[in-house]
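Here is the structure we will look at.
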């Protein structure tokens, strides 16, 4: 019989060790593989039989609430209509893990703000998870900042409005929030800080509506 080549001998030894390791630990290995299969199967089942139907149901309900919201029927939008629509509050609670549930928190917060209930507005707006959207997220932060101001948390209001302006970075929303933050700084007797925000509107957002009136704000805080 021909002698085995060194490489073949090493391969045989490696295979033998692998087989021995599997035999010794086969129960643990099989258990681990079975566990992975169960987890993957569980994720698949959850996504297809729980998460997906929940997301679809939440989206349908949210659309109904958006109609009430658009018409200014904030009580119905928040609490439901006893005709199948459950309200933003229940959507936010029951479908909290869905995108629609997250948006329900935003709508609830803004609805409370429109009703003059700033504390409830803050509660729901703080729970809203912001996204990369250049309109929704800044608008949510802007609403939160204004709600902070209404409950007397002025420093948080200013910081949040400045963050909203930075996140939006457009001629539509940013100047609004910068002017609002500037006015709050003026209320704190901080004219120099307010002036910086007004000048940012003038230099950076010269295509905005606020650009045409910003000089009067600058003049007011210029000593």
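The values are calculated or read from the model by the stated rules, or taken from the named source; none is laboratory data. On a predicted model such as this, the values are computed, not experimentally measured, just so you know. Note that we place each Cβ from the backbone using ideal geometry, even for glycine, and neighbour counts take in every protein chain shown.
Regarding residue 111, is this residue touching a residue at least 40 places away in the same chain (Cβ under 8 Å), under 18 Å from the mean Cα position of the chain (by Cα) and surrounded by 22 or more Cβ atoms within 10 Å (Cβ to Cβ)?
For residue 111, the condition - touching a residue at least 40 places away in the same chain (Cβ under 8 Å), under 18 Å from the mean Cα position of the chain (by Cα) and surrounded by 22 or more Cβ atoms within 10 Å (Cβ to Cβ) - is met.
With the structure loaded, tell me whether residue 159 is within 22 Å of residue 74 (Cα to Cα) and surrounded by fewer than 21 Cβ atoms within 10 Å (Cβ to Cβ) or whether it fails that test.
no
Of 137, 129, which residue is within 27 Å of residue 65 (Cα to Cα) and outside any helix (DSSP H, G or I)?
129
Quick check on this structure: which one of 39, 23, 50 is at pLDDT 50 or above, part of a helix (DSSP H, G or I) and out of contact with any strand residue (DSSP E or B) (no Cβ under 6 Å at 6 or more places or on another chain)?
Within the list 39, 23, 50, the selection yields 23.
Which residues, taken from the stretch 74-101, are assigned to a helix (DSSP H, G or I) and either surrounded by fewer than 20 Cβ atoms within 10 Å (Cβ to Cβ) or more than 18 Å from the chain's Cα centre (by Cα) (or both)?
74, 75, 76, 77, 78, 79, 90, 93, 94, 99
Pairs under 6 Å by beta carbon, first residue in the same structural domain as residue 64 (by TED's automatic domain parsing) and closer than 17 Å to residue 58 by Cβ in the stretch 77-88, partner part of a helix (DSSP H, G or I) and at pLDDT 95 or above, six or more apart or different chains?
Cβ pairs passing all conditions: 78/89; 87/78; 87/79; 88/78.
Residues to consider are 171, 146, 189; find the one that is outside the structural domain of residue 112 (by TED's automatic domain parsing), in contact (Cβ under 8 Å) with a residue 12 or more places away in the chain and not in a helix (DSSP H, G or I).
Unique residue meeting the criteria: 171.
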